[in-house]
Amino acid sequence: MSKPAVLVARAVFPETLSRLARHFEVEANEDDTVYTPAQLIERLQGKAGAFTTGSERIDAGVLAACPALRVVANMAVGFNNFDVPACTAAGVLCTNTPDVLTETTADFGFALMMAAARRMAESEHFLRRGEWTKWRYDMFTGSDVHGATLGILGMGRIGQAIARRGALGFGMPVIYHKRSRLAPELEAPLGARHVDKATLLREADHLVLVLPYSPAAHHTIGAAELALMKPTATLTNVARGGIVDDAALAAALRERRIAAAALDVFEGEPAVHPDLLSVPNVVLTPHIASATVATRRAMAELAADNLIAALTGGTVKTPINPEVLQRR
Ligand code: GLV
């Protein structure tokens with residue numbers, strides 16, 4: 001029996017490709033071209049599965065043009081590149097890679113928050129420019145992290161892991177906002193207090209965004225929300241570009257309406273709003289919160305597990321729309 005054909009839409013570890021090749025006819029993309037929608041459709045012809053990343057949009061247009069497709073396995077926890085209802089309607093299973101990246105992403109979110117609070121990037125740039133000529137009592141004074149109020153918007157797995165770091169490691173009171181409040185047994189060990197969004201914005205010393213992107217979450221933080229924050233507060237985004245209005249944030253940073261920000265994700269990335277590039281009080285990183293070797297390997301492995309299971313009759317570990325499997 002011939003092997004099913006799959007597309008691996010971006011470059012990936014060679015061992016992931018060899019593992020997939022034991023089960024499938026694999027079309028790889030070792031040049032790591034980011035396909036246009038038309039190129040993606042062309043590459044997906046005759047493919048039963050696709051190993052994707054956040055850069056491949058799978059929507060009704062792609063689904064209609066690729067009738068052989070049965071599964072799309074994202075190497076990411078976020079899946080806003082999938083139109084899940086359209087995939088479900090077309091009988092296409094979607095999978096993602098939760099859990100394996102939680103702690104690594106939380107480490108990075110916490111590090112970014114600390115970098116913003118303690119002005120690490122800004123002071124490093126100053127040093128590299130050769131401007132450090134003497135010690136001064138108020139040089140790059142920032143704000144404390146220990147004991148400060150940690151605010152978390154979106155309190156899923158990654159949010160809780162960041163809260164754990166803050167509460168248990170840094171003695172931070174934790175407040176959070178989430179549509180559905182956490183169970184008391186999850187809140188209690190963190191001492192986490194559920195508050196409404198306005199209270200979160202007003203009371204947090206360090207606000208970290210960890211909510212999934214959806215059209216409803218677009219510009220969750222814009223000029224009005226930034227105006228509620230303390231002038232001494234920091235804002236960290238490790239969620240998705242588009243959750244923050246980047247132009248409004250750049251203006252708030254420039255006018256010191258908040259103290260600092262740290263961003264790993266951007267509206268329209270890899271492009272970055274030019275105003276963010278010219279304000280000093282923001283730390284900017286290129287969407288690398290899950291980027292440790294061990295975690296990226298675990299993500300690739302889980303995405304491959306899902307693709308293999310979905311097309312060979314195994315148990316799919318992390319389906320997004322499991323109802324598709326029930327219908328098969
Ligand atoms: C990265 O942004 C992910 O969703 O895994």
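The values are calculated or read from the model by the stated rules, or taken from the named source; none is laboratory data. Computed from a predicted model, the values in this text were never measured in an experiment. So basically every Cβ, Gly included, is an ideal-geometry build from the backbone, and we count neighbours across all protein chains shown. Keep in mind that these areas ignore ligands, DNA and RNA; they rest on the heavy atoms of the full protein, side chains included. Shrake-Rupley method; radii C 1.70, N 1.55, O 1.52, S 1.80 Å.
Of the chain, which part is the longest with no chymotrypsin sites (Phe, Trp or Tyr not before Pro) in a loop (DSSP not H, G, I, E, B) and with at most 15 other C-beta atoms within 10 angstrom?
Details: sites that count: Trp132, Trp135, Tyr137, Phe140.
Result, exposed sites excluded: 141-328.
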Stretched out fully, how many nm does the piece from Lys3 to Ala291 gain, at 0.36 nm a residue minus the Cα gap? 100.5 nm
Can you spot the lysines whose alpha carbon is less than 20 Å from Lys47's alpha carbon? Ignore those fewer than 8 places along the same chain. Lys3
Over the stretch 102-284, what per residue volume does the convex hull of the Cα atoms give, in whole Å³? 116 Å³
Using a 1.4 Å probe over the heavy atoms of the protein chains, calculate the carbon and sulfur portion of the accessible area of the chain as a whole percent. 57 percent
Spherically averaged projected area in nm², based on the convex hull that wraps the Cα atoms of the stretch 222-310: 7.1 nm²
What percent does the relative contact order of the chain come to when contacts are Cα pairs within less than 8 Å and at least six residues apart? 18 percent
Any chance you could give the angle, 0 to 90 degrees and rounded to 10, that helix 102-117 forms with the longest Cα principal axis of the chain? 30 degrees
At 1.306 mPa s and 10 °C, Stokes D of the stretch 2-84 from Kirkwood alpha-carbon radius, µm² per second: 125 µm²/s
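Per residue, how many Å² of accessible area does the chain show with a 1.4 Å probe? Please list the in-between numbers first.
Values: 15230 Å² over 328 residues.
Accessible area per residue, the chain: 46 Å².
Given R₀ = 22 Å, FRET efficiency for His146-Arg193 by Cβ-Cβ distance, to 0.05? Walk me through the intermediate numbers first.
Values: r = 18 Å, r/R0 = 0.84.
After rounding, the FRET efficiency stands at 0.75.
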Sorted peptide list for 70-77, 230-237, criterion being average Cβ within 10 angstrom, highest first: 70-77, 230-237
Do any trypsin sites (Lys or Arg not before Pro) in the stretch 108-156 lie in a loop, going by DSSP, with at most 13 other beta-carbon atoms within 10 Å of their beta carbon, and if so which? Arg129, Lys134, Arg136
Rg/Rh (Cα only; Kirkwood hydrodynamic radius) as it applies to the chain: 1.02
Could you pull out the trypsin sites (Lys or Arg not before Pro) across the stretch 1-31 that fall in loop regions by DSSP (anything but H, G, I, E, B) with no more than 12 other Cβ atoms inside 10 Å? Arg22
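Taking Cα pairs under 8 Å and at least six residues apart, what relative contact order does the stretch 1-114 come out at, in percent?
Values: 177 pairs, mean separation 24.5, N = 114.
About 21 percent, as a whole number.
Please identify the GluC sites (Glu not before Pro) of the stretch 19-61 that satisfy two criteria: DSSP loop assignment and at most 12 other Cβ atoms within 10 Å. Which are they? Can you show the working numbers first?
Values: sites: Glu25, Glu27, Glu30, Glu42, Glu56; in loops: Glu30, Glu56.
Answer by residue number: Glu30.
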Proximal aspartates and glutamates to Lys230, defined as alpha-carbon separation beneath 17 angstrom and excluding residues fewer than eight positions away on the same chain: Asp144, Asp196, Glu203, Asp205, Glu255
